[in-house]
Amino acid sequence: MLLRSKPILSYAAPMMAFALTLLLLSHFLEFPSLSTPLPVSPDRTTTPNSPFSDLLSAFSLWDSHVGCPRFRNRLAAWSPNASALQAVDARECSGIGISHVSVLVKGWTWIPDNLDNLYSCRCGLTCLWTKSPVLADKPDALLFENVMPPSTRRNGEPLRVYIDLEASRKPSGFEDIFIGYHAKDDVQTTYAGSLFRNNRNFHISTQKRNDTLVYWSSSRCLPQRNSLAKQFLSLVPSHSFGKCLNNVGGLDIAPTLYPECSNSDNSAPHWWDHLHCAMSHYKFVLAIENTMTESYITEKLYYALDSGSVPIYFGAPNVWDFVPPNSIIDGSKFSSLEELASYVKQLANDPVAYAEYHAWRRCGVVGNYGKARAASLDTLPCRLCEFVSQKGGRSATTL
């Protein structure tokens, strides 16, 4: 008696499903995450190999070949991770306790003086942020950055606030409120603000260099970052303006190369004065974090976006939760630095494809970027004062 065999397809389907499951579990096969925008290829009939320098002309070409409606439609389904950023206005006003909060900054390194102010915040709250014990002789909170808070706090004394925006993000263990860059912290603060660089030259050039494609500036020469930068910059025409791998003849050479980047006050130049202006002359800015960890996205990336250049980024794996869609080149998505360099060179000679990296700004497709700006150092005084008010300020009970 002959046994009737089952059709091959009846075995194939479950076997294929089992194999696919194994691949997904072993991470050999991954579906695209909604937090990582898919590449957008412009619809065009022009020849990609068209070197250009005028950015506004590139924008006009993109408008005629692609345009904002198509761009918005392509990214309509894209959604960043909402939990990566704290909702700035999420707390109910009913939770506000005291209506006026004063914060005395006790120890700091880079918290800017121009944050000192009397703020009118939401929910009818006023907030005094100052470094002066004269203006806040009985503060509701003491803010410490580069020094440890007191180990104990008695009832009736100011709340202890500790801020650490470094990659390690370590609470002191003695604070009542912790400020860090992660959404899990009591108060989140991103590097996307602008108040700490108000005195810089923000001239943005409409002309991009064709002979030198990439800008890089670093004066903290960490071995790992330096090695990555050296390897990549050896593959593309580049200028390095910092202490690390400097190839332009000095730290403050930018005003010589670009006179429009000089400050008008005749003061001695500093590299930070002309940072954005100098960046704006290059199509790309290399931005490498000193530590690559979740949500740690520093000013290196935001400077490049503000200067009208395209960042080439190595850093936080969830960077797309903090920046506009299709606004940066994520270096980690390329199989090699050679492949990345080849892509950058092709993009530099394609005005339509290059302009698409600026479409987010021109078409109003910003993703979580607006929230990242809203949760920056610029708004920290009001957000911290609100948190202090909800805890009761000096009246808060010590646990």
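A few comments on the model shown:
- Length released on extending from Cys93 to Thr293, taking residue separation times 0.36 nm less the Cα-Cα span: 68.6 nm
- For the pair Ala77 and Glu339, label points projected 7 Å from Cα toward Cβ lie 2.4 nm apart.
- Modelled label positions at Tyr119 and Cys221, each set 7 Å beyond Cα in the direction of Cβ, lie 3.9 nm from each other.
- Dimensionless Rg/Rh of region 266-377 - Kirkwood Rh, Rg from C-alpha atoms: 0.97
- The radius of gyration of the Cα set in region 54-165, together with its Dmax, comes out at 22.3, 67 angstrom.
- Listed residues Lys345, Lys283 arranged by accessible area, highest first, probe 1.4 Å: Lys345, Lys283
- Hull volume in cubic angstrom per residue (convex hull over the Cα atoms of region 108-211): 186
- Electrostatic bookkeeping for Arg225 treats Lys and Arg as +1 and Asp and Glu as -1; over the other residues with beta carbon under 11 Å from its beta carbon, the sum is +2.
- Bins of 10 Å from zero: percent of alpha-carbon pairs in region 172-252: 13, 28, 31, 20, 7, 0
- Antiparallel DSSP beta bridges within region 103-247, percent to nearest 5: 20
- Net +/- balance of residues flanking Arg394 in space, Cβ distance below 13 Å, scoring K and R +1, D and E -1: +1
- For Glu386, solvent-accessible area (1.4 Å; no DNA, RNA or ligand), Å²: 10
- The calculated FRET efficiency for Arg70 paired with His203, based on their beta-carbon distance and R0 = 25 Å, is about 0.20.
- List Ile253, Ile111, ordered by accessible area with a 1.4 Å probe, largest first: Ile253, Ile111
- Computed from the Cβ-Cβ distance with R0 of 22 Å, the FRET efficiency linking Asn210 to Asn247 stands at 0.80.
- Computed on the Cα trace of region 44-104, the radius of gyration divided by the Kirkwood hydrodynamic radius gives Rg/Rh = 1.33.
- Put Glu145, Glu157 in order of accessible area, highest first, and with a 1.4 Å probe you get Glu157, Glu145.
The values are calculated or read from the model by the stated rules, or taken from the named source; none is laboratory data. What you see is a predicted model, and the numbers here were worked out from it, not measured in a lab. Positions of Cβ are backbone-derived with ideal geometry, glycine not excepted, and every protein chain shown enters the neighbour counts. Each accessible area value is taken on the protein alone, full model and side chains, heavy atoms only, with ligands, DNA and RNA left out. Shrake-Rupley method; radii C 1.70, N 1.55, O 1.52, S 1.80 Å.
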